[in-house]
1. Exactly one condition in (1) more than 14 Å from SER293 (Cα to Cα); (2) in a helix (DSSP H, G or I); (3) modelled with pLDDT of 95 or more is not met by ILE99; state its number.
2. Name the single residue, out of those in the range 162-208 being among the basic types (Lys, Arg) and out of contact with any strand residue (DSSP E or B) (no Cβ under 6 Å at 6 or more places or on another chain), that is farthest from VAL147 (Cα to Cα).
3. Among the residues of the range 207-238 satisfying the criterion of being β-branched (Val, Ile, Thr) and touching a Gly at 6+ places or on another chain (Cβ under 9 Å), which is farthest from ligand 2 (Cβ to nearest atom)?
4. May I ask you to say which residue of LEU12, LEU60, LEU35 is surrounded by fewer than 19 Cβ atoms within 10 Å (Cβ to Cβ), under 13 Å from GLN291 (Cβ atoms) and not hydroxyl-bearing (Ser, Thr, Tyr)?
5. Could you please tell me which pairs satisfy a Cβ distance under 8 Å, a separation of 6+ or placement on different chains, a first residue in the range 125-144 that is more than 12 Å from ligand 1 (Cβ to nearest atom), and a second residue that is assigned to a loop (DSSP other than H, G, I, E, B) and modelled with pLDDT under 95?
6. Can you tell which of THR77, THR84, THR139, THR88 is more than 19 Å from MET257 (Cβ to Cβ) and touching a helix residue (DSSP H, G or I) at 6+ places or on another chain (Cβ under 6 Å)?
7. Looking only at helices (runs of 4 or more DSSP H) that fall completely inside the range 120-203, which ones have 3 or more residues that are closer than 21 Å to LYS20 by Cα and not hydroxyl-bearing (Ser, Thr, Tyr)?
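The values are calculated or read from the model by the stated rules, or taken from the named source; none is laboratory data. This is a predicted model, so every value here is computed, not measured. As a convention, Cβ positions derive from the backbone with ideal geometry for all residues, glycine included, and neighbour counts pool all protein chains shown.
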Amino acid sequence: MTDIHHFLDIDLLDRETLRKILNTAKSIKLLDSQLNYLHGRSLAMVFEKPSTRTRVSFELAIKQLGGHAVILDQNGTQLGRGETVADTARVLSQYVDAIMLRTSAKASLMEMSEAATVPVINGLTNESHPCQIIADLLTIEECKGPVGEQVVAWSGDGNNVAASWIHAAVKFQFELRLASPKTLQNASGLIKWAQSNGGRVTVCEDPRLAVEKADCVVTDTWVSMGDKKDSERRSLLEPYRIDSKLMSYAKKDAIFMHCLPAHRGDEVTTEVIDGKQSVVWAEAGNRLPAQKSILMWCLGVSV
Ligand code: CP
Ligand code: NVA
């Protein structure tokens, strides 16, 4: 064990730390965004997959706090020619104060964190997306109040983002109901972990059951980066599309959330994502204070 503050997954952090990160994200929105909390600090971001929000919000987050960002992709670095993730981690640790990695394999993220001598941040893997969830919880608390009092419903693919919602449900003690087709549900081991840790997490196949009287309805793309686009997957997910009818089962004042990018007409209708209940733009905006807070926690800086 090291005392380096890696931000790898929500389930690996204790409740107090997670609440501190969420509260710092809230405070940072109220403060002058140019405060130099991270003066002279630097972040390397390694992208093995595309990104708009994660890339822009992390780059601006460190710059607005007085630091610097270096953005790397697999093909523009020696990673693309076979230099190992561990060696890359050792080298980057000589130059920067933190590393963010977006990759497919969780094993690569772990390899990076084991070899790095600076904090490593999970910028998404096939298995989770913890930075997104900090922004999402911030959005829920701004729109609806304490997250522990909310019922969150997920309808769609049991993917990486859903997995981070499951982690968060346990740590922040809100009720989470997931509806996914049998073959696209989150791993049963993850659900068992949540339930055995006191999580109010349930999985079903009926989206109406999940959405019934929920405070917050969430979905994500049917085809994540790296998934094969096949027609079977699509037809399995058709009944999980969030449309006005499905939204009508939630509470009247329920909000609609999506980490984006969205595919109108697939996982959500235009009417819902562009409608009054949708908070997706605020949610995307909240990536910026969330990344600031994550960086500050990783680098041991408090507000
Ligand atoms: N939500 C999210 O992580 O978006 P990007 O893939 O654009 O970073
Ligand atoms: N589940 C999506 C999230 C994108 C931010 C993906 O992994 O492609």
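1. Result: ILE99 passes all but (2).
2. Ranking the qualifying residues of the range 162-208, first place goes to LYS182.
3. Once the filter is applied, the top-ranked residue is VAL218.
4. Only one candidate passes the filter, namely LEU60.
5. So the pair list comes out as ASN126/GLY226.
6. It is THR88.
7. Qualifying helices (runs of 4 or more DSSP H): 130-144, 160-172.
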